[in-house]
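Just so it is clear, none of the values below were taken in a lab; they were calculated from the coordinates. Just so it is clear, the structure is predicted and the values come from calculations on it, not from any experiment. Heads up, the Cβs are rebuilt from the backbone with ideal geometry, glycines too, and the neighbour counts pull from every protein chain shown.
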């Protein structure tokens, strides 16, 4: 009987040990599961933080790039009164004021000259227009490309009198001078646009280089005028090019 009880005690002890082992294993599995979840949570938090930082840096770079882009576009709108002589008046949109010093401007500006006066405006990319005596012109801000930081067009309007235009190497094809019903695009070189507003007629004379003259409202084929040639215009009509005696004109 004692032996039987001993065997039962051994069985109970083994069962207790097995039960304890099972409990320890379950605790270990639960602990490992909790540790795994904790590591996953920590990894998720770190990953989220890294993504947040990456997105923040990306947005800040984009914002900085956009600010720089807008600042560059703003600088590209400026033109400059580079020199003048005699009595000149100018205005933005208000009253006429006497021009007393050279200045930069990024808005529409009009200039008019009296006898023995002239004013030169340098637009972007070193193109320049010189307004002769007893003349009037309006210089507009350059027209920029919609997506790229580059100039598509530099518009000037001659209301009366005479403009001498010099096209730079970097500014070829960008300078557009409107007079009455025509538009002169300076491809290269040195040329004049002369317009008599009282008679509503004028001429475009090219000393050197090439210009293209077209009707402002379209229609008809543009007329190309090269060095030592000129065209006349009036009432929206453009003549064919004829030879010009350029020495008769003041190119200073």
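Quick one: grab the alpha carbon gyration tensor of region 195-252, order the square roots of its eigenvalues as a ≥ b ≥ c, and give me rounded if a/c is under 1.5, else prolate or oblate depending on whether a/b is larger than b/c. Walk me through the intermediate numbers first.
Details: a/c = 2.29, a/b = 1.32, b/c = 1.73.
Because a/c hits 1.5 or more and a/b fails to exceed b/c, region 195-252 counts as oblate.
If you stretched the chain out fully between residue 96 and residue 152, how much longer would it get, using 0.36 nm times the residue separation minus the C-alpha to C-alpha distance? Before the final figure, lay out the partial values.
Details: separation 56, 0.36 × 56 = 20.16 nm, distance 2.95 nm.
So the chain would gain 17.2 nm between residue 96 and residue 152.
Approximating the spin labels as points 7 Å out from Cα along Cα→Cβ, the residue 63-to-residue 80 distance works out to 3.4 nm. When the chain is treated as a GNM with alpha-carbon contacts under 10 Å, the residue of 62, 208, 196 showing the greatest mean-square fluctuation is 62. Between the Cα long axis of helix 2-75 and the first principal axis of the chain there is an angle of about 10°, rounded to the nearest 10. Rg/Rh for region 80-208 stands at 0.95; both radii use Cα atoms, and Rh follows the Kirkwood definition. Per-residue ellipticity at 222 nm, computed for the chain from helices alone with -39500 (n - 2.57) per DSSP H run of at least four residues, works out to -11000 deg cm²/dmol.
The ranking of 67, 95 from fewest to most other beta carbons within 10 Å of each one's beta carbon is 95, 67. Per-residue Cβ neighbour counts within 10 Å put 164, 147, 120, 242 in the sequence 147, 242, 120, 164, beginning with the fewest.
R0 = 35 Å: FRET efficiency of residue 20 with residue 45, Cβ-based, nearest 0.05? So, using R0 = 35 Å, E works out to roughly 0.40. In the Gaussian network model of the chain, springs joining C-alpha atoms below 10 Å, which of 101, 162, 32 carries the largest mean-square fluctuation? Judging by the Gaussian network model, the answer is 32. For the chain, what percent of Cα pairs sit more than 29 Å apart? Across the chain, Cα pairs with separations above 29 Å total 51 percent.
What's the Kirkwood radius of region 76-139 in Å, using all Cα pairs?
Numbers: mean 1/r = 0.0864 Å⁻¹.
After inverting the mean inverse Cα-Cα distance, the result is 11.6 Å.
Once you order the gyration tensor axes a ≥ b ≥ c over the Cα atoms, which shape class does region 58-112 get: rounded for a/c under 1.5, otherwise prolate or oblate by comparing a/b with b/c? The shape class here is prolate.
Binning the C-alpha pair distances of region 143-242 at 10 Å intervals from 0 yields a P(r) profile of 17, 51, 27, 6, 0 %, listed from the shortest bin outward.
Considering only 122, 198, 87, the Gaussian network model of the chain with Cα springs below 10 Å gives its largest mean-square fluctuation to 198.
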